[in-house]
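I have placed the structure first, in the form of structure tokens, so that the comments after it can refer back to it.
The values are calculated or read from the model by the stated rules, or taken from the named source; none is laboratory data. Here the structure is a predicted model, which is why all the values come from computation and not from measurement. Because the Cβ atoms are built from the backbone with ideal geometry, glycine has one as well, and the counts that use them run over all protein chains shown. Side chains are part of the model used for accessible areas, which takes the heavy atoms of the whole protein and leaves out ligands, DNA and RNA. Shrake-Rupley method; radii C 1.70, N 1.55, O 1.52, S 1.80 Å.
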Amino acid sequence: RTQKDSMSPERKQRLDDIGFVWDTLSKLWEESFSKLLKFKEREGHCKVPSNFKLEGFKLGLWVANQRTHKDKMSPKRKKRLDEVGFTWGVLAEAWEEGFNKLLQFKELKGHCKVPSILKLEGYNLGTWGSTQRTQKDSMSPERKQRLDDIGFVWDTLSKLWEESFSKLLKFKER
């Protein structure tokens with residue numbers, strides 16, 4: 001391989017004739033990419049779980065490596081991944097999915113006081129909401145603002161107490 005450019009054309013041709021692989025890393029990438037395509041054909045998306053194996057190949061690890069090395073990747077490879085619907089930011093996408101489910105919940109119920117055990121159309125919105133509450137201090141200001149803007153309830157116990165106290169005052173007035 002290292003002597004490809006200084007090799008006689010005859011020797012080079014003989015190696016080509018038997019299918020000699022000159023660029024092993026590119027060949028490995030292509031084989032891995034074809035496994036991603038098989039996964040997409042079967043699952044309908046490219047969100048490969050991190051520990052997923054396909055035919056003994058650690059596809060989840062390969063996908064994670066593509067995300068990690070995105071900035072060093074050739075534009076051609078990046079484009080090919082984009083064309084098949086590769087998900088570069090799975091965490092951001094998952095957050096947006098939860099936020100959209102929260103908007104659906106608000107549309108249905110008129111509030112964002114999500115119980116911790118709530119499922120909405122199979123999506124565990126209660127867990128998503130609880131996660132937002134526990135990550136409030138480390139959350140990006142933009143996400144926090146988006147939640148504030150739609151009336152997300154950060155402290156459900158305090159909110160419940162205030163609502164109950166308000167009802168008690170109305171009862172007392174009656």
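Restricting attention to region 106-116, does a residue exist that is of a type in the set (Val, Ile, Thr), closer than 16 Å to Lys159 by Cα and surrounded by 11 or more Cβ atoms within 10 Å (Cβ to Cβ)?
Scanning region 106-116, I find at least one residue that is of a type in the set (Val, Ile, Thr), closer than 16 Å to Lys159 by Cα and surrounded by 11 or more Cβ atoms within 10 Å (Cβ to Cβ), so the answer is yes.
Residues to consider are Lys119, Lys172; find the one that is of a type in the set (D, E, K, R) and over 25 Å from the mean Cα position of the chain (by Cα).
On inspection, the qualifying residue turns out to be Lys172.
Give me the residue from region 124-169 that is surrounded by 11 or more Cβ atoms within 10 Å (Cβ to Cβ) and among the aromatic types (Phe, Trp, Tyr) and, out of that set, nearest to the chain's Cα centre (by Cα).
Trp128
Please determine, by comparing only the residues of region 66-76 that are charged (D, E, K, R) and open to solvent by 80 Å² or more (accessible area, probe 1.4 Å), which one is farthest from the chain's Cα centre (by Cα).
Among residues in region 66-76 that are charged (D, E, K, R) and open to solvent by 80 Å² or more (accessible area, probe 1.4 Å), the one farthest from the chain's Cα centre (by Cα) is Lys76.
Is there a residue in region 14-29 that is open to solvent by less than 60 Å² (accessible area, probe 1.4 Å), assigned to a helix (DSSP H, G or I) and at pLDDT 95 or above?
So far as region 14-29 goes, no, none of its residues is open to solvent by less than 60 Å² (accessible area, probe 1.4 Å), assigned to a helix (DSSP H, G or I) and at pLDDT 95 or above.
For region 66-90, which positions are in a loop (DSSP other than H, G, I, E, B) and either touching a residue at least 40 places away in the same chain (Cβ under 8 Å) or closer than 12 Å to Phe33 by Cα (or both)?
Result: Val84, Gly85, Phe86, Thr87.
Taking into account only those residues within region 32-53 that are more than 18 Å from His69 (Cα to Cα) and touching a residue at least 12 places away in the same chain (Cβ under 8 Å), which is most open to solvent (accessible area, probe 1.4 Å)?
Lys38
When you scan region 54-65, do you find a residue that is closer than 30 Å to Ser140 by Cα and open to solvent by 80 Å² or more (accessible area, probe 1.4 Å), even just one? Walk me through how you get there before you give the answer.
Taking region 54-65 as the starting set, the residues that turn out to be closer than 30 Å to Ser140 by Cα are 60-65.
From what is left, the residues that are open to solvent by 80 Å² or more (accessible area, probe 1.4 Å) are 61.
Yes, region 54-65 contains at least one residue that is closer than 30 Å to Ser140 by Cα and open to solvent by 80 Å² or more (accessible area, probe 1.4 Å).
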